[in-house]
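Quick notes on the structure that follows.
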């Protein structure tokens, strides 16, 4: 799976907190891609103290603020990686398995010419499936209706991800700062949940 120009642009910028990361193999893991302010990330850490909660954030300023908030809260089970998610997962975290993966409100890239930059597409979903435990859960949300329709089409291309209604078990995915902001603006919030099945 070749790297895109966007992925290559982020290769020199990989950072981790803590540095280096502790050994991840044989440890229960939950992944969040694009944690934003960290609202949901910190909740995951508090509710799953025996898990490592690993988050990938590619924006420098958000990464730095997250580091400060993690240290302030003394959350020893939160691990942070700064980098482009596709590159990080393909080349940096490729030998581990996640029990759950959350991607909440990733950039919808609404302009047609920018759609190629959307994170949720079949190739990336297949990569995630390979990095998830059998029976692992993938939870994805968006506030953009056209992106939701796009997601649905891309999910259908990855038959090993089996749709489920388990999203109802995670009501707080719609209680983050940005989710509440967009809900207040009248945007519809969409959620998808899948279980990782056999290839």
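The values are calculated or read from the model by the stated rules, or taken from the named source; none is laboratory data. Keep in mind that this is a model prediction, so the values were computed, not measured. Positions of Cβ are generated from backbone atoms using ideal geometry, with glycine treated the same way; all protein chains shown enter the neighbour counts.
A few notes on this one:
- Selection status of residue 70, surrounded by 15 or more Cβ atoms within 10 Å (Cβ to Cβ) and under 23 Å from residue 25 (Cβ atoms): yes
- Residue within segment 177-185 that is touching a helix residue (DSSP H, G or I) at 6+ places or on another chain (Cβ under 6 Å) and either modelled with pLDDT of 85 or more or crowded, with 18+ Cβ neighbours inside 10 Å (or both) present: no
- Test for residue 146: is it within 23 Å of residue 95 (Cα to Cα) and part of a helix (DSSP H, G or I): no
- Within segment 163-196, being assigned to a helix (DSSP H, G or I), without any contact (Cβ under 8 Å) to a residue 40 or more places away in the chain and in contact with a strand residue (DSSP E or B) (Cβ under 7 Å, 6 or more places away or on another chain) holds for 166, 167.
- Condition broken by residue 79, with the remaining ones in (1) at pLDDT 95 or above; (2) outside any strand (DSSP E or B); (3) touching a strand residue (DSSP E or B) at 6+ places or on another chain (Cβ under 6 Å); (4) over 30 Å from residue 146 (Cα atoms) satisfied: (2)
- The condition (being within 21 Å of residue 151 (Cα to Cα) and either touching a residue at least 12 places away in the same chain (Cβ under 8 Å) or crowded, with 23+ Cβ neighbours inside 10 Å (or both)) is satisfied by just one residue among 38, 34: 34.
- Residue count, segment 94-143 (criterion: within 16 Å of residue 191 (Cβ to Cβ) and part of a helix (DSSP H, G or I)): 1
- Unmet requirement for residue 148, which otherwise passes all of (1) surrounded by fewer than 14 Cβ atoms within 10 Å (Cβ to Cβ); (2) over 22 Å from residue 41 (Cβ atoms); (3) touching a residue at least 40 places away in the same chain (Cβ under 8 Å): (1)
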